1. Sort out which residues of the stretch 105-121 are in a strand (DSSP E or B) and either in contact (Cβ under 8 Å) with a residue 40 or more places away in the chain or away from the ligand (no atom under 16 Å from the Cβ) (or both), and write them in order of number.
2. Could you count how many residues in the stretch 66-91 are surrounded by 20 or more Cβ atoms within 10 Å (Cβ to Cβ) and either within 16 Å of the ligand (Cβ to nearest atom) or of a type in the set (A, V, I, L, M, F, W, C) (or both)?
3. Can you pull out every residue in the stretch 45-65 that is closer than 17 Å to residue 95 by Cα, surrounded by 12 or more Cβ atoms within 10 Å (Cβ to Cβ) and not basic (Lys, Arg)?
4. Limited to the stretch 92-104, what total is found for residues that are loosely packed, with under 14 Cβ neighbours inside 10 Å and part of a loop (DSSP other than H, G, I, E, B)?
5. Taking the stated definitions as given, is residue 155 more than 25 Å from residue 2 (Cα to Cα), surrounded by 15 or more Cβ atoms within 10 Å (Cβ to Cβ) and polar (S, T, N, Q)?
6. Quick one: in the stretch 1-44, which of the residues that are of a type in the set (S, T, N, Q) and surrounded by fewer than 22 Cβ atoms within 10 Å (Cβ to Cβ) is farthest from the ligand (Cβ to nearest atom)?
7. Kindly indicate whether residue 139 is over 20 Å from residue 13 (Cβ atoms) and in contact with a helix residue (DSSP H, G or I) (Cβ under 8 Å, 6 or more places away or on another chain).
Amino acid sequence: MRIAVLASGNGSNFAALADFFQKEKLPAEIALVFSDKKDAFVLKRAEKFNVPTFHLAPKDFADKKAYETALLALLQREKIDLIVLAGYMRIIGEGLLTAFPKKIINIHPSLLPAFPGLHGIKDAYDYGVKVTGVTVHYIDAGVDTGPIIAQAPVSIAPEDDLTTLEAKIHQVEHQLYPEVLKKIVMSKGK
Ligand code: GRF
C-alpha cells in the first residue's frame, strides 16, 4: 500500500508515522509527502527520512478546483492508495473525495464532535473541559465531520496551561495515528 501524507506545517505527526513505518515491517510505505506550503518544516523532515516531497502552491492555480485537479493527478501518477492528512490546513474538495472514497483520513486534536475547526486544543482549554483528546476519522465534505475511526482521551489537570496541554495532545497523537494506520494497513491486506 502506498501512502501519501499531506501536511502544511511542522510535521511532527508525519515524523511519528515515518519512525513507526521504519521500525515496523508493514506491507505499506509512506511514498510521498505533499505540502501546499513551500517552506513547511514537514518537507525538511521528509528529506531526513528519504521520503520524496512534492509541493503545489494553490495561488499558482486559477481556483481551488484546478489546484486539486493537479494534486489528484500527482497522487494518481504516484499510485497512491491512501491519503493521510497530518496538519493539512485545507478542506478536501469533491474531486479528491470522489477519487479516494474512504481512503482519506485525518487526525484532529479534540474528541470530535466537540471542538472541530482550527483551534481544537485552545477551544477545549478555554471552555474548561476536564477531558479532551484526539480523534482519527475519515474525511467527508464537512469540517472534521467524517466517520470516527478511533479516539483517545487526554485529561486536563488544574496545573495545565495551553502549552502543557498541547504537548500532552501531541504525544497522544503520535501514538494513536501510527496504531490506527497499522490497523488500516493490516485490514486492507486481507
Ligand atoms: C495536529 O495537532 C493535528 O491534530 C492537527 O494539526 C496538527 C499538526 O501537527 N490536524 P504536526 O504538523 O503534525 O506537528
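1. Step one: filter the stretch 105-121 for residues in a strand (DSSP E or B), giving 105-108.
Across the stretch 105-121, the qualifying residues are 105, 106, 107.
2. At the first step, the residues of the stretch 66-91 found to be surrounded by 20 or more Cβ atoms within 10 Å (Cβ to Cβ) are 67-68, 71, 75, 80, 82-88.
Now narrow it down to the ones that are either within 16 Å of the ligand (Cβ to nearest atom) or of a type in the set (A, V, I, L, M, F, W, C) (or both): 71, 75, 80, 82-88.
Selection size over the stretch 66-91: 10.
3. If the condition is that a residue be closer than 17 Å to residue 95 by Cα, surrounded by 12 or more Cβ atoms within 10 Å (Cβ to Cβ) and not basic (Lys, Arg), then 56, 58, 61 are the ones that fit.
4. So the first thing to find is which residues in the stretch 92-104 are loosely packed, with under 14 Cβ neighbours inside 10 Å, and the list is 94, 98, 101-102.
Retained after the next criterion (residues that are part of a loop (DSSP other than H, G, I, E, B)): 101-102.
Number satisfying all stated conditions: 2.
5. Numbers: more than 25 Å from residue 2 (Cα to Cα): yes; surrounded by 15 or more Cβ atoms within 10 Å (Cβ to Cβ): no; polar (S, T, N, Q): yes.
Considered against the rule, which asks whether it is more than 25 Å from residue 2 (Cα to Cα), surrounded by 15 or more Cβ atoms within 10 Å (Cβ to Cβ) and polar (S, T, N, Q), residue 155 comes out as no.
6. Of the residues in the stretch 1-44, the ones of a type in the set (S, T, N, Q) are 8, 10, 12-13, 22, 35.
After this cut, where a residue has to be surrounded by fewer than 22 Cβ atoms within 10 Å (Cβ to Cβ) as well, the list is 8, 10, 12, 22.
Values: 8: 7, 10: 4, 12: 3, 22: 17 Å.
Going through the qualifying residues, I end up with 22.
7. Values: over 20 Å from residue 13 (Cβ atoms): no; in contact with a helix residue (DSSP H, G or I) (Cβ under 8 Å, 6 or more places away or on another chain): yes.
Here the answer is no, as residue 139 does not meet what is asked.
A quick yes/no check of all residues on (1) away from the ligand (no atom under 14 Å from the Cβ); (2) outside any strand (DSSP E or B); (3) modelled with pLDDT of 95 or more:
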{"site": "126", "(1), (2), (3)": "yes, yes, yes"}
{"site": "132", "(1), (2), (3)": "no, no, yes"}
{"site": "135", "(1), (2), (3)": "no, no, yes"}
{"site": "141", "(1), (2), (3)": "yes, yes, no"}
{"site": "149", "(1), (2), (3)": "no, no, yes"}
{"site": "165", "(1), (2), (3)": "no, yes, yes"}
{"site": "178", "(1), (2), (3)": "no, yes, yes"}
{"site": "181", "(1), (2), (3)": "no, yes, yes"}
{"site": "190", "(1), (2), (3)": "yes, yes, no"}
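The values are calculated or read from the model by the stated rules, or taken from the named source; none is laboratory data. It should be emphasised that the depicted structure is a prediction, and the values quoted were computed from it without experimental measurement. Cβ: placed from backbone, ideal geometry, glycine included. Neighbour counts: every protein chain shown.
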